[in-house]
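Shown next, in structure tokens, is the structure this report addresses.
The values are calculated or read from the model by the stated rules, or taken from the named source; none is laboratory data. The model shown is predicted, which means the values in this text are computed figures rather than measured ones. Using ideal geometry, Cβ is built from the backbone for each residue, glycine included, and neighbour counts are taken over all protein chains shown.
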Amino acid sequence: MSEQIHSSALKTTEQTPESQLLRPLGGPQPGLILGSLVTGALVALLFYCWGYQIRYDIGVTGLSRPNFWGFYITNFVFWIGISHAGTLISAILRVTGAAWRRPVTRCAEAITVFALCVGGLLPLIHLGRPWLFYYMVPIPSQGLLWPNFNSPLVWDILAITTYLTGSVLYLALPLLPDFAILRDRNLRSNPSGFRARLYSLLAAGWRGTPQQWHSLEQGIRVMAIIIIPVAVSVHTIVSWDFAMTLQPMWHS
């Protein structure tokens with residue numbers, strides 16, 4: 001009888017909503033392993049193609065005079081556009097206080113960060129000598145060179161860096177309570193483990209006090225208001241890549 005009660009209680013505990021939501025984080029999942037292998041293969045193919053381009057010149061992509069842009073710039077604009085869609089959807093839903101927004105906003109915020117990472121990689125790949133990318137950063141260099149602020153590449157670097165910083169903060173703030181839940185679970189099971197230390201760091205001391213909740217809600221709302229004009233300004237700068245060039249057929 002006692003074994004049946006214990007088994008029933010254990011089954012009930014395992015089927016709680018919190019346990020079901022956190023189950024994928026408890027250990028390796030077959031789908032996660034398969035997805036990681038496929039993604040790893042695609043990333044390896046990316047670096048192989050990039051290395052081939054670096055070795056044999058960017059002309060292997062079909063880019064040469066007078067077509068200096070092409071595949072890379074179109075994909076760059078595509079991914080930046082995807083990131084804007086995620087930001088605007090999430091920010092507008094948060095500002096308007098839509099009650100049904102919660103499943104949507106988290107996905108939209110994550111899509112924004114991932115799309116920015118992919119889009120930000122394309123100008124770097126487009127460089128003929130990507131190891132000199134820091135010449136586009138406005139800091140003194142050993143050759144006393146400063147970035148050419150007339151170059152759209154410099155505009156893109158500054159815009160994406162600003163947008164990515166704001167988007168990461170906008171994604172991280174709502175995750176603080178979730179990291180705290182994971183921290184507490186791992187501290188109970190393995191206080192000295194890597195996951196416990198990692199989630200303790202990511203939770204940033206979150207305890208769920210009323211003052212913390214109030215500050216968090218205010219911070220998220222402020223970031224939602226700020227990120228909207230930032231997204232619009234970044235897309236404007238990206239459009240200048242086309243508008244400021246002298247290349248025919250690229251004006252828009």
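Identify, from the list S233, S167, the residue that is out of contact with any helix residue (DSSP H, G or I) (no Cβ under 6 Å at 6 or more places or on another chain), touching a residue at least 12 places away in the same chain (Cβ under 8 Å) and either surrounded by fewer than 19 Cβ atoms within 10 Å (Cβ to Cβ) or assigned by TED's automatic domain parsing to the domain that holds L122 (or both).
Numbers: S167 fails: out of contact with any helix residue (DSSP H, G or I) (no Cβ under 6 Å at 6 or more places or on another chain).
Answer to the check: S233.
Of the residues that make up the range 243-250, is at least one surrounded by 13 or more Cβ atoms within 10 Å (Cβ to Cβ), among the aromatic types (F, W, Y) and within 30 Å of R65 (Cβ to Cβ)?
We begin by selecting, within the range 243-250, every residue surrounded by 13 or more Cβ atoms within 10 Å (Cβ to Cβ); these are 244-245, 250.
From what's left, among the aromatic types (F, W, Y): 250.
Add one more test, that the residue is within 30 Å of R65 (Cβ to Cβ), and what stays is 250.
Within the range 243-250, one or more residues are surrounded by 13 or more Cβ atoms within 10 Å (Cβ to Cβ), among the aromatic types (F, W, Y) and within 30 Å of R65 (Cβ to Cβ).
Take the residues in the range 93-107 that are within 13 Å of Y170 (Cβ to Cβ) and aliphatic (A, V, I, L, M); name whichever of them is surrounded by the fewest Cβ atoms within 10 Å (Cβ to Cβ). If you could, list the steps in order and put the result at the bottom.
Here is the first cut: in the range 93-107, the residues within 13 Å of Y170 (Cβ to Cβ) are 93-95, 105-106.
When the remaining residues are screened for being aliphatic (A, V, I, L, M), the result is 93, 95.
Working: L93: 18, V95: 12.
Taking the candidates together, the pick is V95.
Quick one: in the range 176-208, of everything that is modelled with pLDDT of 85 or more, surrounded by 12 or more Cβ atoms within 10 Å (Cβ to Cβ) and among the basic types (K, R), which residue is farthest from Q218 (Cα to Cα)?
Ranking the qualifying residues of the range 176-208, first place goes to R197.
Would you please name the residue that is nearest to V238 (Cα to Cα), looking only at residues in the range 46-103 that are assigned to a loop (DSSP other than H, G, I, E, B) and charged (D, E, K, R)? Give the derivation first.
Narrowing the range 46-103 to residues assigned to a loop (DSSP other than H, G, I, E, B): 57, 62-63, 65-66, 68-70, 97-101.
Filter once more, keeping what is charged (D, E, K, R): 57, 65, 101.
Values: D57: 25, R65: 22, R101: 29 Å.
It comes out as R65.
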